[in-house]
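Written below as structure tokens is the structure these notes are about.
The values are calculated or read from the model by the stated rules, or taken from the named source; none is laboratory data. Just so you know, these numbers come straight off a predicted model, no measurement behind them. We place every Cβ from the backbone using ideal geometry, glycine too, and count neighbours over all the protein chains shown.
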Amino acid sequence: MKKYRINSGVNLVVLPTTQFKTLHIAIDFVAPALTSNISARSLLSYLMAVSARQYPTQQDVAQKTIDLYGAQYQTDVYRFGQTHHVRVTLQLPAPDYVDDGNDLLVDAFSFLQEMIFDPLLDGQKFDRNVFAKEQQSLINELESIKDDKSRYAISQLRNITYDVPNLQSSSAGDIDLVKNLTSESLYTAYRNMILSDLVNIVVLGNVNESDVESIIKDWSISPRRLPVLQPFYRQALRPATVEKKQYQRDINQAMLTLAMRLNVPPLDKQRFAAMVMNALLGGSPLSKLFMNVREKASLAYSIYSKWQYDTGFLLIAAGLDADKVVQAEKMIDEEILAIQNGDFEDKVVTSIKKSLINDYLSQQDSPNSQIEIAFSRLLTGSETSESEWISQVQAVTTNDIRLVAKKLQIQSRFILLPKE
Amino acid sequence: MLEKYYKQLKEKVLIETMPDGLNVVMVQKPEYHKTFAVLTTDYGSLDEKYQIGHDSPKQIPAGTAHFLEHKLFEKENEDAFTRFGQLGADANAFTNAYQTSYLFSTTQHVVPALQHLLQFVQTPYFSDKTVAKEQGIIGQEIQMYQDDPNWAVYMGILSMMYPDSPMAHDIAGTQQSIATITPELLYDVHHAFYQPSQLTLQVIGHFDAHEILETISQTQQSFSTTSSEIKRLVPNVQPLSSLSTTRQFNISRPKVAFGIRIDGKPLNGTNITKRTLAADLLLDLLFGEQTDWYQKLYNEGIIDSEFDTSFDLIREYQFITIFAETTAYQALEKAIQTQTIQYRSALKNQVHSFEQLKRATIGEGIQRLNSLENIALRGDDALSGVNLFDKIELLQDLTFDDILVTADKIFQNAVLQRFVLQK
């Protein structure tokens, strides 16, 4: 992957391809995830989605995306380990596929530049009306997490799992902190983001690299001192499991969620064994949790595990009848023990490896996956080639899977139960 | 083999009907790494009664199509997923109101995966034991949906528009309805709706077309080629149940759905897609984010980005739904009511907006073509035989007059219904 250094702390990657009928521009602003900035950055992503000096209202923004041949303009926030990302993306039809599309590329870049670097201000603060409306929208969104019981249970689990506050809240912020923001304080957060964040830009499509480079150079993004970023987080072992139970009205089913510590060193080769082990435990339809807990024992309708490589945890979540929670957890423990004892079939592992490789190769058919991989490489400074990745997955042995499974240690448990 | 070119989109579709009636549609994408294949029967949750020849009509319990989809994966000795897994293919299936589809995607071993897809879908195995177990699993799935407030709103407004009809029934059925399903019933339904002449196979991606056709031809030889005529029996549409319903649910903000049912003669073929495209643009012109109507409500905090409109034309059912999350649903209802009554004046001098929106909608259609899954599933293939490429071409031919004609069909005598879910 070729990286253009536009300025200190400002990088560009161009991925020229004719495989797709689209053009993609994605910009990532990266800062340390802090309790004090997550909520503000999340609200910034809302403001940047609907308003700028040239496009003061959401109506103007909507009209502009219509003019850009139905472009999809989006802003979002992510957390990877202890880094927080405000991501701005624009996707539009490739100019070669539309009538009179000659100016489309230049128009698209100018639109993004205006939306990001030229906000609608009132002196040293954001426009008050836009601010108030978007603040309310974000509060509504954070409150609605409760309405989705699976999302809610996982957010509660996260809250009791991490020792550091900046990982406990949602990457979209915290309601009380959002309420405390003002249009002045938000502008300060905006200035910080624009002036001090690491800026990574990825452009994918049928484009000329040097054209894109010169357009981005014209944006005059100022040089910045690189912030200290910790893309990976690892937590010390707790003496005892933290547990929390909650009852909720109007639900029929319970949610059982478990956080297991899985301390694999970042970028270590063992991550491939962890990936295979997770797919064998609950990360695929061929997994033990899916085949045994759901299909054979009918203890849960939904059950899966997810390996969170960035924070060193493995999450297990199940939707099930309230009276089956104890039995299901017992069975989950037994399945983990079985993997630790090497009690699994080689042919299942072979299938799982094939499936992981299939997913990996399939990413090449998705522009968004390609962009995601480029961002991840920029963030971690680590790049694994296709052949290296495939041979590392192939090389994982039964013993590697057992050893990495033995690292699993339960740290927290959150159970959501229906209230009678 | 029929070849259809789409010059501007740089796409080509290959179409073949096998001797036993199986329809095959192929789109080759040599720069892609994956191949995506889908086997579809246009049998869905709406089909609750059918007749073969002069036999007596048979009733199908609600939720059977979805139940059958689950059960087809389970065979006497092994799960159909296992074989896909051994081949490194990702397999799945889904059931909606009007179709059931079985699919896989793979970057390796396309031919054996395709053979397996054709074989497992056309080789049913049902037993008392496996049916009983599935009743438990699906029972839980139904409950899971019932916990989802968005689903509750959607089913709420459908039941108001189409009381006591298959449209008001959950795709998965109810615990009571699926309890009546037996292996015999599943065999009967499979026999009727899964004969080769009822099936379409779509293959999209990186493959050799001749090799694929050869594989299909050989695999199909092991199945029966008898074909019988099936008649779907559709109940008459009942009068609207009520204009306004409220249901209690533990959610942070009220969720509201509005519905307008459109009665009239069922459309067929391209007319289905044309009507849908025109209605979608019409809704954008009246309620889209770029309209003053939307902006005013957005600024007043009555709606936010959750606001959404949709037009659906599914077989004999045609309706508009509008969704929002708001406490001010009465104000919103009034605003929608006003806009639908004054639709003619709202559409006056909108030719320019129409042209812009049409261009943007074509742009969105082009963006959708990146995904092999979209090419196979986002067209109206199962509803009207119009594929995703045809859809873009039909859109290009759409005129503002089409919009005005559609607006009269939809909004003359429109009755607005409202369903609210709140604490």
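Would you check if residue A:234 is outside the structural domain of residue A:294 (by TED's automatic domain parsing) and basic (Lys, Arg)? The answer is yes for residue A:234.
Taking the stretch A:128-140 as the range and being more than 9 Å from chain B (Cβ to nearest Cβ) and buried (at least 18 other Cβ atoms within 10 Å of the Cβ) as the test, the residues that pass are A:130, A:131, A:134, A:135, A:138.
Checking the stretch A:338-348 against the condition returns a match, with at least one residue being closer than 17 Å to residue B:91 by Cα and either within 14 Å of chain B (Cβ to nearest Cβ) or at pLDDT 95 or above (or both).
Residue check: is residue B:115 away from chain A (no Cβ under 14 Å) and in contact with a helix residue (DSSP H, G or I) (Cβ under 7 Å, 6 or more places away or on another chain)? The answer is yes for residue B:115.
May I ask you to verify whether residue A:20 is facing another protein chain (nearest Cβ under 9 Å) and in contact with a Pro (Cβ under 6 Å, 6 or more places away or on another chain)? Yes. Here residue A:380 passes the criteria (1) farther than 23 Å from residue A:284 by Cβ; (2) surrounded by 19 or more Cβ atoms within 10 Å (Cβ to Cβ) except the one numbered (2). Only residues that are facing another protein chain (nearest Cβ under 10 Å), surrounded by 22 or more Cβ atoms within 10 Å (Cβ to Cβ) and either part of a loop (DSSP other than H, G, I, E, B) or more than 19 Å from the chain's Cα centre (by Cα) (or both) were counted across the stretch A:24-58, and they come to 2. Checked against the criteria, residue B:385 does not count as at pLDDT below 95, touching a Leu at 6+ places or on another chain (Cβ under 6 Å) and within 21 Å of residue B:266 (Cα to Cα). On the basis of being more than 14 Å from chain A (Cβ to nearest Cβ) and at pLDDT below 95, does residue B:164 make the cut? For residue B:164, the condition - more than 14 Å from chain A (Cβ to nearest Cβ) and at pLDDT below 95 - is met. Within the stretch B:354-403, being more than 27 Å from residue A:368 (Cα to Cα), in a helix (DSSP H, G or I), more than 14 Å from chain A (Cβ to nearest Cβ) and not charged (D, E, K, R) holds for B:382, B:383, B:384, B:394, B:400, B:403. Considering the stretch A:383-404, the residues that are among the acidic types (Asp, Glu) and surrounded by 11 or more Cβ atoms within 10 Å (Cβ to Cβ) include one that is nearest to residue A:278 (Cα to Cα), namely A:400.
If the condition is being of a type in the set (Asp, Glu) and more than 14 Å from every other protein chain (Cβ to nearest Cβ), then the stretch A:303-337 contributes A:310, A:329, A:333, A:334, A:335. Exactly one residue among A:78, A:73 is in contact with a Leu (Cβ under 6 Å, 6 or more places away or on another chain) and at pLDDT 95 or above, and that residue is A:73.
Exactly one residue among A:220, A:214, A:185, A:210 is surrounded by fewer than 17 Cβ atoms within 10 Å (Cβ to Cβ), of a type in the set (Ser, Thr, Tyr), more than 14 Å from chain B (Cβ to nearest Cβ) and assigned to a loop (DSSP other than H, G, I, E, B), and that residue is A:220. Among the residues of the stretch A:313-321, is any more than 30 Å from residue B:129 (Cβ to Cβ), surrounded by fewer than 23 Cβ atoms within 10 Å (Cβ to Cβ) and not assigned by TED's automatic domain parsing to the domain that holds residue A:200? Yes; the residues of the stretch A:313-321 include at least one that is more than 30 Å from residue B:129 (Cβ to Cβ), surrounded by fewer than 23 Cβ atoms within 10 Å (Cβ to Cβ) and not assigned by TED's automatic domain parsing to the domain that holds residue A:200. Of the residues making up the stretch B:217-253, those that are more than 23 Å from residue B:169 (Cα to Cα) and either touching a Phe, Trp or Tyr at 6+ places or on another chain (Cβ under 7 Å) or small (Gly, Ala, Ser) (or both) number 6. State all residues of the stretch A:89-107 that are more than 22 Å from residue B:395 (Cβ to Cβ) and either buried (at least 21 other Cβ atoms within 10 Å of the Cβ) or within 12 Å of chain B (Cβ to nearest Cβ) (or both); if no residue qualifies, say none. Hits for the stretch A:89-107 are A:90, A:105. When residue A:268 is tested against (1) over 30 Å from residue A:390 (Cα atoms); (2) surrounded by fewer than 16 Cβ atoms within 10 Å (Cβ to Cβ), exactly one condition is not met: (1).
For residue B:102, state whether it is in contact with a strand residue (DSSP E or B) (Cβ under 7 Å, 6 or more places away or on another chain), in the same structural domain as residue B:181 (by TED's automatic domain parsing), closer than 28 Å to residue B:182 by Cα and among the hydroxyl-bearing types (Ser, Thr, Tyr).
Judged against the criteria, residue B:102 is a match.
For the stretch B:61-112, the set of residues classified as within 13 Å of chain A (Cβ to nearest Cβ) and charged (D, E, K, R) consists of B:71, B:74, B:78, B:79, B:83, B:90, listed by residue number. The strands (runs of 3 or more DSSP E) found entirely in the stretch B:194-271 that carry 3 or more residues being within 30 Å of residue B:330 (Cβ to Cβ) and either among the basic types (Lys, Arg) or in contact (Cβ under 8 Å) with a residue 24 or more places away in the chain (or both) are B:244-248, B:255-261. The residue that is surrounded by the fewest Cβ atoms within 10 Å (Cβ to Cβ), among those in the stretch B:1-54 that are aliphatic (A, V, I, L, M) and free of Cβ contacts under 8 Å to residues at least 60 places away in the same chain, is B:2. State yes or no: is residue A:66 hydrophobic (A, V, I, L, M, F, W, C), free of Cβ contacts under 8 Å to residues at least 24 places away in the same chain, assigned to a helix (DSSP H, G or I) and more than 20 Å from residue A:206 (Cα to Cα)? Yes: the conditions hold for residue A:66. When the stretch A:233-288 is filtered for residues that are more than 14 Å from every other protein chain (Cβ to nearest Cβ), assigned to a loop (DSSP other than H, G, I, E, B) and of a type in the set (Gly, Ala, Ser), the ones remaining, listed by number, are A:236, A:240.
Applying the criterion of at least 1 residues that are at pLDDT below 95 to the helices (runs of 4 or more DSSP H) found wholly in the stretch B:291-353 leaves B:292-299. Against the conditions (1) within 12 Å of chain A (Cβ to nearest Cβ); (2) surrounded by 20 or more Cβ atoms within 10 Å (Cβ to Cβ); (3) not aliphatic (A, V, I, L, M), residue B:133 satisfies every one except (2). Here residue A:114 fulfils each of the conditions (1) more than 25 Å from the chain's Cα centre (by Cα); (2) within 14 Å of chain B (Cβ to nearest Cβ); (3) within 16 Å of residue A:61 (Cα to Cα) apart from (2).
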